[in-house]
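Colleague: Structure below; questions to follow.
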Amino acid sequence: AKPRVLAVTILTSLDEKALKEIGLEGSPKDAALRLARLAKKAGLDGVVASPEETNSIRKELGEDFLIVTPGVRPAWAASDDQKRIATPAVAIKDGADYIVVGRPITESKDPAAAVRLIQIATMTVWPTRKTGVPKKRAKASALRENQSSPKTEPR
């Protein structure tokens, strides 16, 4: 497999107020979509974009454009400093090829149990999404969650 080159759009910890403070006007969604278009035009393979922008990017730039989605939080996890988040199910359904679940796993009392809860809860999501992502890659790269995710943190 060849290496992939991705661009980072707007950090999930930034909201419209924070963007304005650094000189960017408009919503994070508009800015992320604009940056994703530029990345595709420049020949990049995809972008890193928050769950709130994933659907728009996927619809406009197609199934062959990779989207890595951070800011993914299971229903039982705190949002921490993240401003634009979604559950794994929503991120996958909206078009994420890869999801990033950090602190809900690494800060759990039982990280392995946290991963298992996310995997069990997301088993039914991938088949519902029409995608060009090969099944082998999808299985290896994403944690899956459906709408009936556990509401309690793993112990």
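The values are calculated or read from the model by the stated rules, or taken from the named source; none is laboratory data. Predicted model, so just to flag it, every value in this text is computed and none were measured. For neighbour counting, all protein chains shown are included, and Cβ atoms are generated from backbone atoms with ideal geometry for every residue, glycine included.
Colleague: What number of residues in the range 3-20 are among the charged types (D, E, K, R), at pLDDT 90 or above and either in a loop (DSSP other than H, G, I, E, B) or on the phi > 0 side of the Ramachandran plot (or both)?
Modeller: Going through the range 3-20 one residue at a time, the tally reaches 1.
Colleague: Sort out which residues of the range 48-74 are part of a loop (DSSP other than H, G, I, E, B) and over 16 Å from T106 (Cα atoms), and write them in order of number.
Modeller: Start the filter on the range 48-74 by keeping residues that are part of a loop (DSSP other than H, G, I, E, B), which leaves 49-50, 62-65, 70-71, 73-74.
Once the filter is applied, which keeps residues that are part of a loop (DSSP other than H, G, I, E, B) and over 16 Å from T106 (Cα atoms), the range 48-74 yields A49, S50, G62, E63, D64, F65.
Colleague: Please work out if L44 is in contact with a strand residue (DSSP E or B) (Cβ under 7 Å, 6 or more places away or on another chain), of a type in the set (A, V, I, L, M) and assigned to a helix (DSSP H, G or I).
Modeller: Numbers: in contact with a strand residue (DSSP E or B) (Cβ under 7 Å, 6 or more places away or on another chain): yes; of a type in the set (A, V, I, L, M): yes; assigned to a helix (DSSP H, G or I): no.
No; evaluated as a whole, the condition is false for this residue.
Colleague: Taking the range 36-49 on its own, how many of its residues are hydrophobic (A, V, I, L, M, F, W, C) and either surrounded by fewer than 18 Cβ atoms within 10 Å (Cβ to Cβ) or in contact with a Phe, Trp or Tyr (Cβ under 8 Å, 6 or more places away or on another chain) (or both)?
Modeller: 5
Colleague: Considering the range 51-65 alone, what residues qualify as being over 16 Å from I92 (Cβ atoms) and of a type in the set (G, A, S)?
Modeller: Passing the criteria: only G62.
Colleague: Under 8 Å between Cβ atoms, which residue pairs at least 6 apart in sequence (or on different chains) link something in the range 1-27 that is surrounded by fewer than 15 Cβ atoms within 10 Å (Cβ to Cβ) with a partner that is part of a loop (DSSP other than H, G, I, E, B) and modelled with pLDDT of 90 or more?
Modeller: Note: pairs meeting the criteria are R4/D45; V5/L44; V5/D45.
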